[in-house]
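Written below as structure tokens is the structure these notes are about.
The values are calculated or read from the model by the stated rules, or taken from the named source; none is laboratory data. Bear in mind that the values here come from a model prediction, so they are computed numbers and not experimental data. We place every Cβ from the backbone using ideal geometry, glycine too, and count neighbours over all the protein chains shown. With ligands, DNA and RNA removed, areas are computed over all heavy atoms of the protein, side chains included. Shrake-Rupley method; radii C 1.70, N 1.55, O 1.52, S 1.80 Å.
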Amino acid sequence: MTATLKTENLDIYYGDFKAVEGVSIEIAPRTVTSLIGPSGCGKSTFLRSLNRMHEVTPGGRVEGKVTFGDLDLYAPQTDPVEVRRLIGMVFQRPNPFPTMSIAGNVLSGLNLNKVKLTRSQSQDIVEESLRGANLWDEVSDRLDTPSGSLSGGQQQRLCIARAIAVRPQVLLMDEPCSALDPISTLAIEELIDKLKSVYTIVIVTHNMQQAARVSDQTAFFNIAGPRRPGKLIEVGPTESIFLAPKEDLTAGYIAGKFG
């Protein structure tokens, strides 16, 4: 199954404060969409609303609609755990369980969901997921060692392996390279290009060059001032957004005039 991820007039709140207002966007299957914009404009908040992680924050709620194909993600009958299985997330800083083994980290999401696996099935999933994250060749001889022994870049790829082990259809990435060195960043960018043949990917990034390199579509968010909601200003093919934006605000941000 491949499906379009779509929001319609989405407002996102922290208690009574409206953090993001009126976002309508379509994200096509097996593409990479970059979310760009100045700090505080709601990019990460919007990202977390796409798999119901936002509602884990005290007071976090949304108004409007988020759909994945025919599935209404915020309908009363929709299980948020199932939403997060379909739409996985990789966070800004690598967050493997440091004392858990490399293999244990890969399987942790499945164990959390109480998926029963034979030893052989577990081994196959570990290898498949680590290969999918371009990490297998580096760790195959030490799967039982704690993940804390890995470098930062390896830990982030392990988090990606953990995310894809539960076989989601969408991967959300919140500045996945911000804590990494340039070589590790390149490895993650190459991995994103590989993964989009299987997964729909949405990435928040402050790196304009990275957005231009990795994404098919770019969405520019902005905020008018303190305590004002972030808004989606413009969305379109990445080449068009960077070379011929329709909105003056988009052109100004890309030119480095603010943000």
Test: residue in the range 250-259 that is touching a Leu at 6+ places or on another chain (Cβ under 9 Å), farther than 12 Å from residue 36 by Cβ and either at pLDDT 95 or above or of a type outside the set (Val, Ile, Thr) (or both):
yes
Does any residue of the range 134-145 turn out to be open to solvent by less than 40 Å² (accessible area, probe 1.4 Å), of a type in the set (S, T, N, Q) and over 25 Å from residue 190 (Cα atoms)?
no
Members of the range 172-209 found to be closer than 20 Å to residue 40 by Cα and either at pLDDT 95 or above or in contact with a Gly (Cβ under 7 Å, 6 or more places away or on another chain) (or both), listed by number:
172, 173, 174, 179, 202, 203, 204, 205
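Is it fair to say residue 95 is out of contact with any Gly (no Cβ under 8 Å at 6 or more places or on another chain), in contact (Cβ under 8 Å) with a residue 12 or more places away in the chain and in a helix (DSSP H, G or I)? Write out each step before concluding.
On the way: out of contact with any Gly (no Cβ under 8 Å at 6 or more places or on another chain): yes; in contact (Cβ under 8 Å) with a residue 12 or more places away in the chain: yes; in a helix (DSSP H, G or I): no.
No.
For the subset of the range 158-182 comprising residues that are of a type in the set (A, V, I, L, M, F, W, C) and in a loop (DSSP other than H, G, I, E, B), which member is surrounded by the fewest Cβ atoms within 10 Å (Cβ to Cβ)? Steps first, please.
Step one: list which residues in the range 158-182 are of a type in the set (A, V, I, L, M, F, W, C), which gives 158-161, 163-166, 170-173, 177, 179-180.
Filter again for in a loop (DSSP other than H, G, I, E, B), leaving 166, 177, 179-180.
Values: 166: 20, 177: 24, 179: 16, 180: 20.
In this case the residue turns out to be 179.
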Entirely in the range 184-259, the strands (runs of 3 or more DSSP E) that have 1 or more residues that are in contact (Cβ under 8 Å) with a residue 12 or more places away in the chain and more than 30 Å from residue 161 (Cα to Cα):
217-223, 230-237
